[in-house]
Amino acid sequence: MTGYAPPRNIWMRRLITILFSVATIIIPSSLGAALAPQQETGPTYIIQSGDTLNEIAIRFGVSPDEIIEANALANPNALDIGQEILIPGLEGIAGVLTSKIFPFGTSLTSLLRQNKLPLSDMVKLNRLTSPAEVIAGAAFLFPVVDEQNQRVEIQTLQPRSSILEAAIHAGVSPWSLVEDNNLLGSWDVLPGERLFTRYFAEGNETEPQDSRSISINNLPLIQGETLQISIVTSEPLTASGTFNGQPLHFFSDGDLRYFSFYGIHALAEPGAYPLEIITTDNAGRTEHFEQLVLLSPGFYGHQTVYVAAEFLDDDVIVQEDAYVTPILLNTTPDRLWEGQFQYPIDEPCVNSLFGLRRTYNDGLLNFYHSGMDFAVCAPNLNIYAPATGKVVLAEELIVRGNAILIDHGWGIVSGYWHLSEFNVSVGDIVQPGDLLGLIGNTGRSAGPHLHFEIIINGIPVNPQTWLDQTFP
């Protein structure tokens, strides 16, 4: 914990408190009870790892002195993980204050309905000035009074439907829906709004007709990582959308599930980015989803590299990228891989991570590391295919050296630079574990290693994520 030194007036108040406590020894018990200060009530917060008193005070908009006084903290430097403390200045709010991440598709209205919260509490806790501040991936404070009392979502109200139909489907009273969703009446709800109830009928687990759910794999988004958008529906549809104005391409696995992959650039500025998704079913019914999504920094480090100056020529780099980019974008709409990607070498010892900000030759070039480098640690130089795919490039380039690109479908491509030998040709279909070639030191390389990339629609992303997680 970070140290905290109370101001002098706090110690003076404590001294007065001690003297007052001693004085009450000679006061009759009934009078002492009358003079004892009332215990302040209000919401509480549970100390988390890394919390400091100053940070907690800033988070809740109070002073450290107020927290010390409200909790009679004898030693504010000795906060314990799991300790529950009272947060002053939040009269009218009860429960345990908890931080949660807003999922995509959540509006302020649906959030209040699901948690049975008054708008005034959310505004006070999070100092909101506009409903537009509800950004997917951002953390907000909630007062949790009873976890078991949280509402469950039922179907979204459909056009030309009534709250009575929604209540019948869920097996609950329409009046309970009005109460649970803080509605003024059965008329106070619009098509497309999400509804919640405490009284969802047991065993009523049938999906509502024409249900569509949209989810994002990880929130908040992070520089250099993979954005996966998943749509699960009860009937076939077409989907499209944009992220920060760039098009999203959706693919179906044939099981009423639709996926889109987007590469977040490692140098993208952190902040809130617009995400828009449009779905249309066979009957022509369209639903539109739009929300700001939070992008957080990747906290990548820095690395200095020295290579031959000929590989840092801007014209050479631009020409090679112009040659490779169309190949990266001309990918198959069929998904060829299945399951988790495997490591492309036998002993995966990494000597340079993805995303590192790189300075080449004392500033001759400043960029970032677009892949991860594997040193030679195995008793061989073998490079293997990590997943099923089609070889779309296998040739000698200047910067990348002897390079291979494998198209895995749905916009996903894996890349292998600096090889000494090829074992595949363009057009070959490779399976996980097939030998692609041998580690080398060709191109812009400071020593024998494999530079390994995962590229989504032309944007390199963190390959370690694809080695650790299963997509979709």
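Here, each number is a calculation from the coordinates, and none is a lab measurement. It should be emphasised that the depicted structure is a prediction, and the values quoted were computed from it without experimental measurement. Neighbour counts run over all protein chains shown; Cβ positions are idealised from the backbone, glycine included.
The H on the amide N of A272, modeled in the peptide plane, is under 5 Å from the matching H of L295, each at least 5 residues off or on a different chain.
Given a Förster distance of 56 Å, report the FRET efficiency between R357 and E193 from their Cβ-Cβ distance, rounded to the nearest 0.05. Efficiency, rounded to the nearest 0.05: 0.80.
Using 0.36 nm times the number of residues separating H302 and I101, minus their current alpha carbon distance, what extension gain do you get? Spell out each step's value before the answer.
Details: separation 201, 0.36 × 201 = 72.36 nm, distance 2.97 nm.
Taking H302 through I101 to full extension adds about 69.4 nm, to one decimal.
Computed FRET efficiency, Cβ-Cβ of V152 and E269, R0 60 Å: what is it to the nearest 0.05?
Values: r = 38 Å, r/R0 = 0.63.
It comes out at approximately 0.95.
In a simple Cβ point-charge model (Lys, Arg +1; Asp, Glu -1; nothing else charged), region 370-464 has a dipole of about 140 debye relative to its Cα centre.
Amide H neighbours of R358 under 5 Å, at least 5 residues apart or on other chains, H built in the peptide plane: list them. The answer is Q303, F367, Y368, H369.
Tell me, rounded to the nearest percent, the portion of alpha carbon pairs in region 302-468 spaced more than 27 Å apart. Within region 302-468, distances greater than 27 Å cover 18 percent of Cα pairs. Distance between the modelled labels on E84 and N54, one decimal in nanometres: 2.9 nm (7 Å Cα→Cβ projection).
In this Cβ point-charge picture (+1 for Lys and Arg, -1 for Asp and Glu), region 214-296 has a dipole of about 60 debye about its Cα centre.
Can you tell me how much longer the chain between N218 and H249 gets when fully stretched, taken as 0.36 nm per residue apart minus their C-alpha distance, in nm with one decimal? Mind showing how you got there, number by number?
Values: separation 31, 0.36 × 31 = 11.16 nm, distance 1.84 nm.
This chain segment gains 9.3 nm when fully extended.
Its Cα gyration tensor gives region 214-296 an equivalent ellipsoid, and the semi-axes of that ellipsoid, as √(5λ) in whole Å with the largest first, are 24, 13, 10. Using C-alpha pairs below 8 Å separated by at least 6 residues, the relative contact order for region 302-468 is 27 percent. Ordering L356, L177 by the number of other Cβ atoms within 10 Å of each residue's own Cβ, fewest first, gives L356, L177. Label zone (F367, point 7 Å along Cα-to-C-beta; backbone nitrogen cut-off 16 Å) within region 315-337: 315-326, 328. Converting phi to 3J(HN,Hα) with the Karplus coefficients 6.51, -1.76 and 1.60 and the offset θ = phi - 60°, region 327-342 yields 5, 5, 8, 8, 9, 6, x, 9, 7, 9, 8, 9, x, 7, 6, 9 Hz in sequence order, with x at every glycine or proline. Distances over 15 Å make up what percent of all Cα-Cα pairs in region 96-149? Of all Cα-Cα distances in region 96-149, 42 percent exceed 15 Å.
What is the magnitude of the charge dipole of region 312-383 about its Cα centre, with +1 placed on the Cβ of each Lys and Arg, -1 on the Cβ of each Asp and Glu, and no other charges, expressed in debye to the nearest 20? Rounded to the nearest 20 debye, it is 240 debye. Amide H contacts under 5 Å for T98: F142, V144, restricted to partners 5 or more places along the chain or on a different chain, H placed in the peptide plane at 1.01 Å from N.
Taking other Cβ atoms within 10 Å as a rough exposure proxy, T129, T279 sort from fewest to most as T129, T279. Distance between the modelled labels on Q340 and I278, one decimal in nanometres: 3.9 nm (7 Å Cα→Cβ projection). Neighbour counting of Cβ atoms within 10 Å sorts the residues V305, V318, V399, fewest neighbours leading, into V318, V305, V399.
Simple rule: put +1 on each Lys or Arg Cβ and -1 on each Asp or Glu Cβ in region 311-359, find the dipole, and look at P344, V324, G355; the Cα lying farthest toward the positive end is G355.
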